[in-house]
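The values are calculated or read from the model by the stated rules, or taken from the named source; none is laboratory data. Being a predicted model, the structure only gives us computed values, none of them experimental. A quick note on method: Cβ atoms are made from the backbone with ideal geometry, for glycine too, and the neighbour counts reach across all protein chains shown.
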Amino acid sequence: SEKAFVMIKPDGVERGLIGDIVHRFEKKGLKLVRAELKFIDREIAETHYGHLRHKAFFEELVEYITSGPVFAMIVEGTKAVQNSRSIIGPTNPAEAPPGTIRGDFGLDVAANVIHGSDSVDNASREIDLFFK
Ligand code: GTP
Ligand code: MG
C-alpha cells in the first residue's frame, strides 16, 4: 500500500512531541514502518527543499532544519500521503485548525513542527533521500 515520508522537525523533537505525534498517526490507522532520529546535513536539507531555493527564507529554513535532530518516519496505509497531510494540517500553524498537529502544537510558519510529503512521487523521492 501507499507510503508517505513524515519528519518531525527539530522544534518538535526538542519539545518532546515525538510520542504524541506518533500516537496520532497510529490512531489514524497509518502504520509506522520505519523511523530514525538523526541529524540531517546541509546537502540533504538543500536537496529536500530545493523547490524553495529562490525564496527569501531559504537560508533560514536550512538553518532551522539542520539545527538539531529530526525524527524521520515512513508511514504506510490507504492514501498515506493525503491522510498524513490531513492530520498534519496547513503549512501555517496560525491557519491550521485545532485537532491538526500544526494547529495543536505550532505558532509560527518558520517552525511548524512537522513535514509531510505532498505527493506520492515526492514521498518516494524523500524516502530515498532520507533513508539511503
Ligand atoms: P512541508 O511539509 O514542511 O514541506 O510544508 P508544506 O508542504 O506545508 O509547505 P512548503 O513545502 O510550501 O514549505 C516548506 C517549509 O518551508 C514549511 O513547512 C516551513 O517550515 C517553511 N516555510 C514556509 N513559508 C515560510 C516562511 O515564510 N518563512 C520561513 N522561515 N519558513 C517558511
Ligand atoms: Mg512541502
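Scanning the stretch 24-53 for residues that are part of a helix (DSSP H, G or I), among the hydrophobic types (A, V, I, L, M, F, W, C) and over 13 Å from the mean Cα position of the chain (by Cα) yields ILE44, LEU52.
Do the conditions hold for ALA110, that is, is it more than 14 Å from the chain's Cα centre (by Cα), more than 21 Å from ALA35 (Cβ to Cβ) and more than 12 Å from ligand 2 (Cβ to nearest atom)? Working first, answer last.
Values: more than 14 Å from the chain's Cα centre (by Cα): no; more than 21 Å from ALA35 (Cβ to Cβ): yes; more than 12 Å from ligand 2 (Cβ to nearest atom): yes.
The answer is no for ALA110.
Looking across the stretch 1-18 at every residue that is of a type in the set (Asp, Glu) and closer than 18 Å to TYR64 by Cα, the one that is surrounded by the fewest Cβ atoms within 10 Å (Cβ to Cβ) is identified as GLU14. When the stretch 51-71 is filtered for residues that are more than 11 Å from ligand 1 (Cβ to nearest atom) and free of Cβ contacts under 8 Å to residues at least 12 places away in the same chain, the ones remaining, listed by number, are ARG53, HIS54. Every condition in (1) under 16 Å from ASP128 (Cα atoms); (2) within 15 Å of ligand 2 (Cβ to nearest atom) holds for GLY89 except the one numbered (1).
Of all residues in the stretch 88-109, exactly one satisfies the criterion of being loosely packed, with under 14 Cβ neighbours inside 10 Å and under 19 Å from LEU30 (Cα atoms), namely GLY99.
Residues in the stretch 70-84 that are touching an Asp or Glu at 6+ places or on another chain (Cβ under 7 Å) and within 14 Å of ligand 2 (Cβ to nearest atom): VAL81 alone.
Yes or no, residue by residue, for (1) in a helix (DSSP H, G or I); (2) closer than 21 Å to GLU60 by Cβ:
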| site | (1), (2) |
| --- | --- |
| THR78 | no, no |
| VAL81 | yes, no |
| SER84 | yes, no |
| PRO90 | no, yes |
| GLY103 | yes, no |
| HIS115 | no, yes |
| ASP121 | yes, no |
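Examine the stretch 58-69 for a residue that is farther than 16 Å from LYS9 by Cα, within 16 Å of ligand 2 (Cβ to nearest atom) and surrounded by 14 or more Cβ atoms within 10 Å (Cβ to Cβ), and state whether such a residue exists. Within the stretch 58-69, none of the residues are farther than 16 Å from LYS9 by Cα, within 16 Å of ligand 2 (Cβ to nearest atom) and surrounded by 14 or more Cβ atoms within 10 Å (Cβ to Cβ).
Which one of GLU76, GLU36 is among the acidic types (Asp, Glu), within 13 Å of LYS3 (Cα to Cα) and more than 14 Å from ligand 1 (Cβ to nearest atom)? Give the derivation first.
Details: GLU36 fails: within 13 Å of LYS3 (Cα to Cα).
Answer to the selection: GLU76.
Do the conditions hold for ILE21, that is, is it part of a loop (DSSP other than H, G, I, E, B), crowded, with 16+ Cβ neighbours inside 10 Å and at pLDDT 95 or above?
On the way: part of a loop (DSSP other than H, G, I, E, B): no; crowded, with 16+ Cβ neighbours inside 10 Å: yes; at pLDDT 95 or above: yes.
So ILE21 fails the test.
Within the stretch 24-52, the set of residues being surrounded by 11 or more Cβ atoms within 10 Å (Cβ to Cβ) and either within 14 Å of ligand 2 (Cβ to nearest atom) or of a type in the set (Phe, Trp, Tyr) (or both) comprises PHE25, PHE39, ALA45, THR47, HIS48, TYR49, LEU52.
Looking at LEU129, is it in contact (Cβ under 8 Å) with a residue 40 or more places away in the chain and not polar (S, T, N, Q)?
Numbers: in contact (Cβ under 8 Å) with a residue 40 or more places away in the chain: yes; not polar (S, T, N, Q): yes.
In short, yes.
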